[in-house]
Amino acid sequence: MKTVPARLLAATLCCASMTAGSTAQAEETKTPVYPVSSNGDGAVINGYSISRWAEDWRVMADDGKRDDPLDRLKFLPIDGDGDIYLTLSGELRLRVNQTTNPNLREAEAQRQDISRLVAGADLHVGPHLRFFGELAHAGLAGRNLGTPATNMRNGLVAQQYFAEAHGRVAGLDAGIRYGRQEFVDGPNLLTSQRDNNTIHYTLNGVRAWVRGKAVRADVFDLRPTAYGEDGIGDDRSDPERRFSGVTLGYAVPKTFLGDSKLFVDPFLWRRRNGVGTWGGRIGPATRWYGGVHVYGDAGPIQLDWTVNHQWGTFMDQKIDAWQVLLAQSWRLGASKSAPRIGLSADYASGGGGYGDGKLRDAYSPFGNNVYYSYQLYLTPSNLRSLAPTFSFSPLKNLKVNAEYRFAWRDSVTDAVYRANGQPFAGTQNGRARKIAELARLQAVWQISPRVSFTGRYEHLEAGPALTDAGYRSSDFLAGWLSFRF
């Protein structure tokens, strides 16, 4: 059983409703390789991943492993020996969101009728070369929609396309990937493909890696994709933003804490933004991230801890910010499906967003937006948060997650920030600390290996940091049906 980081597993269940299947993760080699579950490509659960290129379907070359005609699409040999083969993938997701007091303002409820259609192809040319491409369509209708973002409504997007070469060098696995790609090699609250959006968050550039049995290193230099609204011709690499750095990994020996599966990932990143925004000011920003991500299982305890310091400059301000993101849970039984109780405790420094001395507001490059609020009303900037959690499976194919979150400002002289990094206007003028309390419930029903249904509910009870600026409480209800192959 592979170890999956706690936050990443939660995001996978929340956003993707992972389907089941059969797969062989990696061919056995004489020299053991770094665990697939933590190599920076993202979680693979029962054969499926949010990032479809992370899947390995070579097992479907065996007729006896196929359960239905769609399994044949996972391994289509092009040459007689099967060294050149094609894997096809697809997804259809139908979703409805209902939100009262949208944007936390007293207003008519918003309804979003959302559709996602994705088709992908993964061409393997021998054991060392592959080409991956993925097209996506995002449909959006409903009531009181405002101006839809291009990642929510889009005629056609070339969501991903890249070439990859990999092989063995001096007994190590080495590889390089170039093109448009999803990047998740980091803590889920800092880097994520944002599956909650209809169109995934992607970047353009190069990523390279080397992996041994217990250590690995990844380097990257990427620019985010700026999506247009129509066909694939209006999507481009954003010239104003650049994300680069290195992430290391160490697989802790299993005997360190009995029978543990723990990983330690130090990282050093740089994010440049020519049009950074804080406090209504727009200007160049360079932000460095130095930190460590510790995650995995130690007996019944699952943990996901991140600490990072952020420094650099925004216009004429020096940046000096911290994030301490701690999630842990305890399994209440010997079975892997036993109930879990947990607690997340997070700190993201705040202050200086409106020009008073150093900029102490922490900022995540492109993290998982729904971790703090399904409605995207909180983010790890100027935030202190505490949430007891409980998860259980009342039925074999049903997973339920519940939590009650408390949120406060770190600095009362700075604003409350939402998931897109923008402030709730006027909150910087109040001095109340409490932002909100959030009650949240999610259920994921795995109807069949390829079909799942996810339901969510959230009640956000606005605290004085919001209500003093005229904001209101809100309820959110969502449900979606996913089909994958």
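The values are calculated or read from the model by the stated rules, or taken from the named source; none is laboratory data. Source: prediction; values computed, not measured. Note that we place each Cβ from the backbone using ideal geometry, even for glycine, and neighbour counts take in every protein chain shown. Quick note on the areas: whole protein, heavy atoms, side chains included, nothing else; ligands and nucleic acids left out. Shrake-Rupley method; radii C 1.70, N 1.55, O 1.52, S 1.80 Å.
Here are the numbers:
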quantity: Span from the the range 435-452 Cα centroid across to the the range 67-104 one, whole angstrom; calculated: 21
quantity: Accessible surface of the chain, 1.4 Å probe, proportion on carbon and sulfur as whole %; calculated: 61
quantity: Cα centroid separation - the range 281-360 against the range 368-428, whole Å; calculated: 13
quantity: Extension gain from Val215 to Arg105, taking 0.36 nm per residue of separation minus the Cα-Cα distance; calculated: 34.7 nm
quantity: Distant-in-sequence amide H partners of Arg418 (H built 1.01 Å from N, under 5 Å); calculated: Phe424
quantity: Estimated inter-spin distance, Leu129 and Ala61, nm [label 7 Å along Cα→Cβ]; calculated: 1.8
quantity: Long-range HN-HN contacts of Gln159 with modeled amide H, under 5 Å; calculated: Glu134, Leu135, Ala136
quantity: Cβ crowding within 10 Å averaged over residues, with 250-262, 108-120 ranked highest first; calculated: 108-120, 250-262
quantity: Set of aspartates and glutamates with alpha-carbon distance to Lys74 below 16 Å, sequence-local pairs under 8 removed; calculated: Glu55, Asp56, Asp62, Asp63, Asp83, Glu91, Asp122, Glu134
quantity: Protection-proxy order for peptides 379-391, 451-463, 272-284, each taking the mean of Cβ atoms within 10 Å per residue, highest first; calculated: 379-391, 451-463, 272-284
quantity: At R0 = 25 Å, FRET efficiency that the Cβ-Cβ distance of Val412 and Arg472 yields, to 0.05; calculated: 0.75
quantity: Whole-Hz ³J(HN,Hα) from phi, Karplus 6.51 cos²θ - 1.76 cosθ + 1.60, for the range 350-361, glycine and proline x; calculated: x, x, x, x, 10, x, 9, x, 5, 8, 9, 6
quantity: Segment Ala425-Ala439, length gained on full extension (0.36 nm per residue, minus Cα span); calculated: 2.6 nm
quantity: Accessible area (Å², per residue) of the chain, counting only protein heavy atoms and a probe of 1.4 Å; calculated: 41
quantity: FRET E, pair Val169, Ser237, Förster distance 45 Å, beta-carbon r, rounded to 0.05; calculated: 0.95
quantity: Using a Förster distance of 35 Å, the FRET efficiency for Ser260-Leu76 (Cβ separation, nearest 0.05); calculated: 0.30
quantity: Residue-by-residue Karplus 3J(HN,Hα) for the range 174-180, coefficients 6.51, -1.76, 1.60, Hz, glycine and proline x; calculated: 9, x, 9, 10, 10, x, 7
quantity: Neighbourhood net charge (11 Å Cβ-Cβ; Lys/Arg +1, Asp/Glu -1) for Leu441; calculated: 0
quantity: Amide H contacts under 5 Å for Ser192, placed H, 5+ residues apart; calculated: Phe366
quantity: Set Lys213/Lys336; Lys65/Lys261; Lys65/Lys336; Lys261/Lys434 screened for pairs whose C-alpha atoms are more than 31 Å apart; calculated: Lys261/Lys434
